[in-house]
Amino acid sequence: MLPRARALAALLIALGALVTLALGLVPAGGRWPARLALLLVLPLAASIAATMLLPREPGREGASVRISGTARFLPILAAAIALDTLPFAIGRLLGWTNVAWADPSHLARRWAAFAFAIPLTIAAATLGSEWALRARLWEVVERAGRPREAALLSCFAGALLALPAVLPGFAAASAPYAAAALATALLREATALTLFRRGGLFVAGAWRGTLVALEAFAFGDAHALWSPLARLESSPPHFYLLRVAGPLAALVVVVRGARRALLESA
């Protein structure tokens, strides 16, 4: 199974790179279909590829089927999501970011779309991305006795699958933005892996899906592919150091909080 797992990692990395490149060719009028494809089709494609290459082995259920006890991770998820997105608010208060708001006449429709999208993005993240990256790729390689390789492959593949939304066409507004986008993607993958290992598939999917919904519909960087209610554009390059500090703080909270949650439940 290990060769198949490595083939899956290579396939997911190639898929992320190809989709990122292809989005640079999408005209402005095709952005909405492209965004919808990123929200739902790309995670589904990753899940199908993972299931075909690494079908579930009967009797080898792992963290992917854990449901009981996941509610205790809700405060950890809330704190991590708040910390991950906090740099946008701090940057705005410091005058490091400018905000471009959506048309006021569309605000009600945008909020309704956000509320409707959250369960869909969580489902896509859980049954799509997290299923492929953790329940199949990570679990199979880790079970083969190679935990470091499992973590590296799943996190790197996940970061590449996140690139289409933040670096469409591999075109970056600036070097600091590109570096922060890559660092953020890798830190979020490390957080997702920690949540999966401690809380299971549904906890990791809730983390990923909520962040995707927030950035796609509520607020996010103006240089990303999404079109949220508030698009934030950063002027000073040092804002991106602050941007990376958010996901890093979220990872620290998840590592410490998840360990404490498990100790309390033991």
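A count restricted to the range 173-205 and to residues that are of a type in the set (Phe, Trp, Tyr) and surrounded by fewer than 24 Cβ atoms within 10 Å (Cβ to Cβ) stands at 2. Annotation note: Cβ proximity below 8 Å between a residue of the range 135-146 that is of a type in the set (Lys, Arg) and a residue that is assigned to a helix (DSSP H, G or I) and surrounded by fewer than 24 Cβ atoms within 10 Å (Cβ to Cβ) (sequence gap 6+ or interchain) occurs for 136/51; 136/53; 146/2.
Within the option set 198, 188, being part of a helix (DSSP H, G or I), basic (Lys, Arg), at pLDDT 90 or above and over 26 Å from residue 103 (Cα atoms) holds for one residue only, 188.
The single residue among 125, 180, 162, 132 that is in a helix (DSSP H, G or I) and within 21 Å of residue 74 (Cβ to Cβ) turns out to be 125. Filter the range 31-70 down to the residues that are surrounded by 12 or more Cβ atoms within 10 Å (Cβ to Cβ), of a type outside the set (A, V, I, L, M) and more than 20 Å from residue 9 (Cβ to Cβ), then identify the one that is modelled with the highest pLDDT. Here the answer is 35.
Looking only at the range 102-118, residues that are in contact (Cβ under 8 Å) with a residue 60 or more places away in the chain and either over 14 Å from the mean Cα position of the chain (by Cα) or outside any helix (DSSP H, G or I) (or both) come to 7 in all.
The values are calculated or read from the model by the stated rules, or taken from the named source; none is laboratory data. This one's a predicted model, so the numbers in the text were calculated from it and none came from an experiment. Glycine gets a Cβ as well: all are built from the backbone with ideal geometry, and neighbour counts include every protein chain shown.
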